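For reference, the structure discussed in these notes is given below.
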Amino acid sequence: MRPHEQDDDEFVAEIGDIGQSESIGLLAIPHDQHLVRSGDGGNSGPNLVHANLAAARQCDERDEEQQQAPHRKAHFNAAIEGTRPNRRNGRTTYVVAGGTAAGYAPRDGSFPMSSTLSRVDGTALPLAASGPRATLNDYYELTKPRIIVLLLITTVAAMVMAARGLPPLMTALWTLVGGAFAAASAGAFNCVYDADIDRKMRRTMSRPVARGAMSPNAALAFAMVLGAVSFLMLNYLVNPIAAWLSLAGNAYYVFVYTMWLKRSTAQNIVIGGLAGSIPPLVGWAAVTGSIGAPAVALFVLVFLWTPPHFWALALMTNIDYDKAGIPMMPNVHGVERTKREMLLYTIALFVFSIALVPLHVMGPIFLVASVLLNARFLYDAIKLLRDDTKRYARRMFTYSLLYLAAMCLFMVVDRIVY
């Protein structure tokens, strides 16, 4: 087996010669944590620890199928289920790519949290654990908290623009809490409905319902309670317009995107992106009781931003989508067409952002910031078009998160100053 390149941001557990190894569960963990076998009373675990995580990105599905078999032995299969081997310098290294860490837990008892990219790599999966803390962690992950953060950023930006400064404290508080509950409810509904396909994809296989840590009925009840509380909170503590806008966004995400578009068309993320564009309208309505031009501008900006953002992720996980039978753009129309459409959406995003200035929606501060931020986004899209690896897909996905937050920030600054 060929050696893999070094990569400092990943972690591999090395266990020596496979013929002398016992059935050991392995888990990718942060560098500053130590592993102990459950019940050892804090004694150190086996010879683990050697930093280097490269294989997750470098091996594709064909590499895994062709290269794993010669290096596995029957008594070791259960322990390394979902891992990828790398034979190097006479030692076999296994990179976690979808298994569990049977019998191991961080010394401090914490649960390792996984970012989107680490889940794409298959290098950060939750531990198979039990108890109140594990249950709370499962409910937390059920809500898709990383998505909630993005939605709340656009909500806050709209509220501050509407108030041309700090919005009323209690209005802002209830809007954010209600918005978070609404997004959490939609995320939980999605996890219940998509559990069958989540199990087939490395990025989603560790979700609570998909891995069997939570029953669909419990997750569904949780989602319904969150949705009801969100609507009541926004309706009575903010205003009915904000409440109904939020409910409409949730209904669109669950019934239109999740239950229809996602499994039926390669344009799923484009049309379904309307749901993720609703929060700016909710934020503006919460402060003013109406919908204004800056909120609509941010609505359109998020809508145009969604395809290049999500397709960058899809380019890194197109094999998974294909296995799950999801008609995502890369596995339906091909990688090259996906890259071209990402470029077109990035250009449209650039043009739209600049057009907000002559339309008197935004001012000169936003203009300068928008040119710089969009130029970098466009540069990445062009580099991605010419790149045969997944390097620029990863880079574009990461930058897109910074881009959205920065665009919101400069929209707020511009609105306050001008």
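The values are calculated or read from the model by the stated rules, or taken from the named source; none is laboratory data. Keep in mind that this is a model prediction, so the values were computed, not measured. Note that we place each Cβ from the backbone using ideal geometry, even for glycine, and neighbour counts take in every protein chain shown.
Would it be correct to say that Met214 is over 29 Å from Leu173 (Cα atoms), surrounded by 15 or more Cβ atoms within 10 Å (Cβ to Cβ) and either touching a residue at least 24 places away in the same chain (Cβ under 8 Å) or of a type in the set (A, V, I, L, M, F, W, C) (or both)?
It is true that Met214 is over 29 Å from Leu173 (Cα atoms), surrounded by 15 or more Cβ atoms within 10 Å (Cβ to Cβ) and either touching a residue at least 24 places away in the same chain (Cβ under 8 Å) or of a type in the set (A, V, I, L, M, F, W, C) (or both).
Could you tell me whether Ala375 is in a helix (DSSP H, G or I), in contact with a Phe, Trp or Tyr (Cβ under 9 Å, 6 or more places away or on another chain), of a type in the set (A, V, I, L, M) and modelled with pLDDT under 95?
No; evaluated as a whole, the condition is false for this residue.
Could you list, in sequence order, the residues of the stretch 362-401 that are among the charged types (D, E, K, R) and touching a residue at least 60 places away in the same chain (Cβ under 8 Å)?
Hits for the stretch 362-401 are Lys390, Arg394.
If we scan the stretch 178-199, do we find a residue that is in contact (Cβ under 8 Å) with a residue 12 or more places away in the chain and farther than 20 Å from Val254 by Cα?
No, there is no match, as no residue in the stretch 178-199 is in contact (Cβ under 8 Å) with a residue 12 or more places away in the chain and farther than 20 Å from Val254 by Cα.
Would you confirm whether or not the stretch 279-302 contains a residue that is within 20 Å of Asp380 (Cα to Cα), assigned by TED's automatic domain parsing to the domain that holds Arg395, in contact (Cβ under 8 Å) with a residue 60 or more places away in the chain and assigned to a helix (DSSP H, G or I)?
Yes, the stretch 279-302 has at least one match.
Would you call Val177 surrounded by fewer than 20 Cβ atoms within 10 Å (Cβ to Cβ) and modelled with pLDDT of 95 or more?
yes
With the condition being without any contact (Cβ under 8 Å) to a residue 12 or more places away in the chain and surrounded by fewer than 18 Cβ atoms within 10 Å (Cβ to Cβ), I'd like the helices (runs of 4 or more DSSP H) fully within the stretch 311-361 carrying at least 2 qualifying residues.
Filter on the stretch 311-361 gives 335-355.
When the stretch 282-301 is examined, which residues are found to be out of contact with any helix residue (DSSP H, G or I) (no Cβ under 6 Å at 6 or more places or on another chain) and crowded, with 21+ Cβ neighbours inside 10 Å?
Across the stretch 282-301, the qualifying residues are Ala297, Leu301.
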